[in-house]
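Asker: One structure is given below, represented as structure tokens, and several questions about it will come after.
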Amino acid sequence: MHEFTEEVESLAGEILAYSLERLKSDPPLDGPRSEADLFREVGNTITARGLGGSDALKVFTEVLAKACISTDHPRYLAFIPSAPSEFANLFDLVVGASALYGGSWQEGAGAVFAENQALQWLIDLAGLPDTAGGVFVQGGTIGNLSALVVARAEARKKFADATRWVIACSEESHSSIASAANVMDVDILKIATRSDRKLHGDDVAREIDALHAAGTSRVFAVVGTAGTTNLGIIDDLNGIAEAAHLRNIWFHVDGAYGLAALCAPSVRAKFNGVEKADSFIVDPHKWLFAPFDACALIYRNPELAREVHTQHATYLDTLHDGSWNPSDYAIHLTRRVRGLPFWFSLAAHGTDAYSKSMEATMTVAAQSAELIKKHPNLELLYEPELSIVAFTRPGWNAGQYQQWSDKLLADQIGFIPPSSDKGQPILRFAIVNPWTKISDIEAILATL
Ligand SMILES: *Cc1c(COP(=O)(O)O)cnc(C)c1O
């Protein structure tokens, strides 16, 4: 180890060739295998003498990689797929080879500078002031938690008599909000959505006032969702912002999936109100064509986050010289410069290319909805607000949905596990990949 030998040189060639091939060709969809099955095939790969680079690579490329579903396959429409641009993926190789440390300005100034410019693009799209700032964290779950911890610290300054804190959000908000509440040991006020499935400001105001009628302000944050994960629905951000701010409460926008479409002119107006957010998140690893894992976490006033999240230790104090240290803005210390592949692709292609690709995915979503409406066996659940198309096959029970989904994967046609809505099984296409064409959708619909 730690010697550049001929073996390293030849392995580099193999790894680069494999990576290039993976980028060039349509990836196979692939699928999971049982642990026993995998063990039978590769055995214990950790040995005293080692397998050697070339053989270890073969274990991965010939067996293990094929037991992982390709999340960028054009007919992987499950959960939220990934769709990294070729440039972003290539630059991830550079990040991997460069031992860049992204926690502090002192060590990572150049990389942090670039990440911050990518964040600034998102800040400008959202309409927050220039003083806003943030950091790329691992994912939306950590992003939401980090923001909510800052929100609670602010509330502690204002509402000193609260004994039990509460996050207000919609019944459709993402599971990571409940996870944050659990970690923070706070309660959740789940507010019903209306027939349009959106959380509305009036309802937020009424429910918070009812909770606070006893005299104690307990709600420290209101979370609006800009694109629910299941149906892609955007809450009434303007109304929620007003309800929160009239009560001196932090307004956080969870846009892990949907806020990517801030750069799409055709839907930009749906996000009006996001400019009033005290914090928001968006995951470039979802719909902004970046590889896993990167969530952009933005604060209106990053100074508040720094007060809460900076870690103090004798060996770290040298870093606190007034420079911008990404570690100070979330729950983390050491960090990969995980925003850099996103920055590279954005810098190289330009922002217009992002708007265009975003619009293209929404066009495929709209066309898919039309095909579903015309399909004799299917019913569209909602007109897609963004790029999630939800529908049902009336007459099928949950088991039949699952069987169809299992067969679709077994036949290597697509990966679309069933979801549910109001207790009823549904299917949904999450279309974030510009490689997904309407012909892919037609191929899937032909099996229904
Ligand atoms: C995906 C998602 C999250 C969680 O993000 P991770 O990156 O998976 O942790 C949070 N909120 C919404 C709305 C999401 O779609």
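Asker: Could you check how many residues of segment 79-125 are farther than 27 Å from L20 by Cβ and of a type in the set (G, A, S)?
Answerer: 4
Asker: When you look at A261, is it open to solvent by less than 10 Å² (accessible area, probe 1.4 Å) and within 16 Å of the ligand (Cβ to nearest atom), yes or no?
Answerer: Yes: the conditions hold for A261.
Asker: Going by the conditions given, is D293 charged (D, E, K, R), open to solvent by less than 10 Å² (accessible area, probe 1.4 Å) and touching a residue at least 24 places away in the same chain (Cβ under 8 Å)?
Answerer: no
Asker: Output the number of residues of segment 126-168 satisfying the condition of being more than 16 Å from the ligand (Cβ to nearest atom) and over 29 Å from I208 (Cβ atoms).
Answerer: Counting residues in segment 126-168 that are more than 16 Å from the ligand (Cβ to nearest atom) and over 29 Å from I208 (Cβ atoms) gives 1.
Asker: Being away from the ligand (no atom under 16 Å from the Cβ) and under 24 Å from the mean Cα position of the chain (by Cα): is that true of N238 here?
Answerer: The answer is yes for N238.
Asker: Could you please let me know if L380 is touching a strand residue (DSSP E or B) at 6+ places or on another chain (Cβ under 7 Å) and open to solvent by 20 Å² or more (accessible area, probe 1.4 Å)?
Answerer: In short, yes.
Asker: Cβ-Cβ below 6 Å, separation at least six or inter-chain, first residue in segment 351-365 and at pLDDT below 95, second surrounded by 20 or more Cβ atoms within 10 Å (Cβ to Cβ): which pairs?
Answerer: none
Asker: Moving on to the next point. Name every residue in segment 76-98 that is touching a Phe, Trp or Tyr at 6+ places or on another chain (Cβ under 7 Å) and of a type outside the set (F, W, Y), in order of residue number.
Answerer: The first filter runs over segment 76-98 and keeps only residues touching a Phe, Trp or Tyr at 6+ places or on another chain (Cβ under 7 Å), leaving 76-78, 80, 82-85, 87-88, 91.
If the condition is that a residue be touching a Phe, Trp or Tyr at 6+ places or on another chain (Cβ under 7 Å) and of a type outside the set (F, W, Y), then L77, A78, I80, S82, A83, P84, S85, A88 are the ones that fit.
Asker: From the list D187, D196, D203, which residue is closer than 22 Å to Y257 by Cβ, away from the ligand (no atom under 16 Å from the Cβ) and acidic (D, E)?
Answerer: Result of the check over D187, D196, D203: D196.
Asker: For segment 24-126, give me every one of the helices (runs of 4 or more DSSP H) that falls completely inside it and has 1 or more residues that are open to solvent by less than 20 Å² (accessible area, probe 1.4 Å) and within 30 Å of I431 (Cβ to Cβ).
Answerer: Details: elements: 35-42, 53-58, 86-97, 105-126.
By residue number, 86-97, 105-126.
Asker: While we're looking at this one, here's another question. Any idea how many residues of segment 206-235 are over 26 Å from the mean Cα position of the chain (by Cα) and within 16 Å of the ligand (Cβ to nearest atom)?
Answerer: The first filter runs over segment 206-235 and keeps only residues over 26 Å from the mean Cα position of the chain (by Cα), leaving 206-218.
With the extra rule that they be within 16 Å of the ligand (Cβ to nearest atom), the set shrinks to none.
Qualifying residue count, segment 206-235: 0.
Asker: Here's another thing I want to ask about it. Give the residues of segment 301-324 that are hydroxyl-bearing (S, T, Y) and under 29 Å from the mean Cα position of the chain (by Cα), sorted by residue number.
Answerer: If the condition is that a residue be hydroxyl-bearing (S, T, Y) and under 29 Å from the mean Cα position of the chain (by Cα), then T310, S323 are the ones that fit.
The values are calculated or read from the model by the stated rules, or taken from the named source; none is laboratory data. Just so we're clear, the structure is a prediction, and the values are computed from it rather than from any experiment. We place every Cβ from the backbone using ideal geometry, glycine too, and count neighbours over all the protein chains shown. Side chains included, ligands, DNA and RNA excluded: accessible areas come from the protein's heavy atoms. Shrake-Rupley method; radii C 1.70, N 1.55, O 1.52, S 1.80 Å.
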